[in-house]
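Below is one structure, written out as structure tokens, with a few remarks after it.
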Amino acid sequence: MSSQTTYNIRCPQCGHQQTAELYDSIDAAKNPELKTALFENRLNRVLCTSCEEAFRIDKPLLYHDSARNILIHWMPDTALSREEILDEFDQSMEELRAALPEDVEPPRVRLVFTRVELVELIFIIEAGMEERVVEYIKYTIHLRNPARVPPMTKQLLLNVQDSTSEELLFAIQNTETFELEDVLRYPRTAYRTMREMYRKKPEDLLDLFPGPYISARGVLMEETLNEDGVDEE
């Protein structure tokens with residue numbers, strides 16, 4: 001079920017304070033118009049009543065697709081560290097599992113930190129693709145192209161809509177400017193081969209991407225930080 005709450009907000013342009021109704025959760029199956037608003041960057045946008053500046057409020061949002069039994073938590077890491085967010089997330093998941101009746105199948109739960117990650121994951125799930133396989137492809141692309149796609153400053157986004165039956169298209173986004181700088185092409189046959197390997201032996205990718213936050217860039221950045229820590233010692 002989609003839900004809203006009234007929040008006190010401050011305009012980032014002029015500092016004016018006002019109240020606004022913002023969505024805490026949306027049910028894509030029951031309210032598809034809210035999913036469209038999310039995709040079009042209109043969800044939780046506010047118009048300042050003083051200077052008329054329009055701006056988006058990035059706040060925790062629960063995306064629920066009851067038809068696919070999926071829950072995606074968008075938890076912007078603006079106030080808390082990612083470690084603190086993960087701790088809170090684990091606690092909320094324990095409470096959710098405890099509250100579910102025994103005969104109810106628990107939903108598949110995912111965690112994202114940005115709106116772009118949320119929209120990309122929705123497209124991947126709706127296309128029936130394996131998100132861990134997609135992230136592993138990104139992982140290998142980063143490793144094989146460290147100069148072109150350094151994970152500290154670039155991220156790969158799968159363009160599901162423009163991908164073809166022959167190729168998957170990955171956009172390279174600058175994480176500082178948010179500009180889309182280039183496109184990488186990856187053979188879909190290689191994806192299918194990797195998907196079959198994952199389905200027969202999922203352990204390797206589950207170890208690399210245990211979840212709920214499944215991110216090639218996140219894994220690579222953590223590996224880099226760990227290596228830097230070892231070097232300093």
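Residues in the range 97-120 that are over 8 Å from the mean Cα position of the chain (by Cα), part of a helix (DSSP H, G or I) and closer than 17 Å to residue 60 by Cα: none. Comparison of 34, 43, 38, 22 shows that the only residue that is touching a strand residue (DSSP E or B) at 6+ places or on another chain (Cβ under 9 Å), of a type in the set (A, V, I, L, M) and free of Cβ contacts under 8 Å to residues at least 24 places away in the same chain is 43. With respect to the stated conditions, residue 28 fails to be more than 23 Å from residue 135 (Cβ to Cβ), touching a residue at least 12 places away in the same chain (Cβ under 8 Å) and either aromatic (Phe, Trp, Tyr) or not assigned by TED's automatic domain parsing to the domain that holds residue 135 (or both). In the set (1) exposed (fewer than 13 other Cβ atoms within 10 Å of the Cβ); (2) in contact (Cβ under 8 Å) with a residue 24 or more places away in the chain, the condition left unmet by residue 122 is number (1). For the range 60-80, the candidate set comprises residues that are of a type in the set (Gly, Ala, Ser) and modelled with pLDDT of 75 or more; within that set, the residue that is surrounded by the most Cβ atoms within 10 Å (Cβ to Cβ) is 66.
The values are calculated or read from the model by the stated rules, or taken from the named source; none is laboratory data. Bear in mind the structure is a predicted one, so any value in this text is a computation, not a measurement. Backbone-built Cβ (ideal geometry, glycine too); neighbour counts: all protein chains shown.
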